[in-house]
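The values are calculated or read from the model by the stated rules, or taken from the named source; none is laboratory data. This is a predicted model, so every value here is computed, not measured. Note that we place each Cβ from the backbone using ideal geometry, even for glycine, and neighbour counts take in every protein chain shown.
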Amino acid sequence: MSTKLHCLSYDDEPDNRLVTEIALSEKGGFTLDVCASGPEAISRISAFKPDLIILDVVKAPCHCSVEGLSLANSERGSSDASRA
């Protein structure tokens, strides 16, 4: 039996989250954790230990404290990020 890869997806648009969930979880076979904000994604990364992180990097003027690119840059230096 193969192990499912874990994917964490962060997008503030509900429609984008739904499309991601259908494509990766239902069709792609990933174990998926979908987040609506950067802070939510940050809080889930260490426990979920994703193999793949999909970030919303094209945003309107930021209405939250963490944008996708900031999250990517912060995770790039983490020890878990070296697995990718």
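Results, tabulated for the structure shown:
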{"read-out": "Some residue of segment 65-77 being closer than 11 Å to Asp11 by Cα, modelled with pLDDT of 65 or more and among the small types (Gly, Ala, Ser)", "value": "no"}
{"read-out": "Residues of segment 24-39 classified as modelled with pLDDT under 90 and either of a type in the set (Asp, Glu) or touching a helix residue (DSSP H, G or I) at 6+ places or on another chain (Cβ under 8 Å) (or both), total", "value": "2"}
{"read-out": "Filtered residue count, segment 22-38, keeping only those that are more than 11 Å from the chain's Cα centre (by Cα) and surrounded by 13 or more Cβ atoms within 10 Å (Cβ to Cβ)", "value": "6"}
{"read-out": "Among residues of segment 46-59, those that are at pLDDT below 90 and not in a strand (DSSP E or B), counted", "value": "5"}
